[in-house]
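Taken together, the values in this text are just the output of simple stated rules run on the coordinates, not laboratory data. The structure displayed is predicted, hence computed values, not measured ones. So basically every Cβ, Gly included, is an ideal-geometry build from the backbone, and we count neighbours across all protein chains shown.
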Amino acid sequence: MVVKQIHHEPCSYYQFGNKLEAEIADYKRLREIGIPLPEMLDVDSEKERIVKEYIAGDTVFDMVQKECLPDTCLEQLKEMCRLLYQANTNIDYFPTNFILQDGILYYVDYECNTYMEEWNFENWGIKYWSKTPEFLQYVEEHS
């Protein structure tokens, strides 16, 4: 299992409401859409913690770094996008949020937002799913 602690860092460009309630609502929304997710096992509202199923495996980020990302990951992500866009929804397409386990690509975050074209996979996420200049810059800045 994985424990996610809700945190409250200041953010100048985004206003957060109740982050725990938003996380629970996002989980339910993504389940209804049909996105493969780790199961939400428990919630501690008082301590603002969510217990999730553990999904074992390398992240897409790790596989891009190792240059071993299977084609099936992009195929499965394109199917996720089809479902998400029909539901007017975007997820955080950054590759650390995806793990391939037993041939299934899981979105291990629960964050989702109303669809905006500038933040969809084709306009933003794809920049980090191969060794693009954006990916390499991120690695350099975070190593």
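List of remarks:
- Each residue in the range 21-50 was checked for being in contact (Cβ under 8 Å) with a residue 24 or more places away in the chain and touching a Leu at 6+ places or on another chain (Cβ under 9 Å), and 11 pass.
- Spans of strands (runs of 3 or more DSSP E) in the range 1-110 with at least 1 residues more than 19 Å from residue 138 (Cβ to Cβ) and of a type in the set (Ser, Thr, Tyr): 89-91, 104-107
- Candidate set: the range 60-94, residues that are of a type in the set (S, T, N, Q) and touching a Leu at 6+ places or on another chain (Cβ under 7 Å); chosen: the one farthest from residue 27 (Cα to Cα): 76
- Across the range 58-85, the qualifying residues are those that are surrounded by 16 or more Cβ atoms within 10 Å (Cβ to Cβ) and among the polar types (S, T, N, Q), and the one among them that is nearest to residue 122 (Cα to Cα) is 76.
- Residues that are crowded, with 17+ Cβ neighbours inside 10 Å, free of Cβ contacts under 8 Å to residues at least 40 places away in the same chain and farther than 18 Å from residue 37 by Cα do not occur anywhere in the range 96-119.
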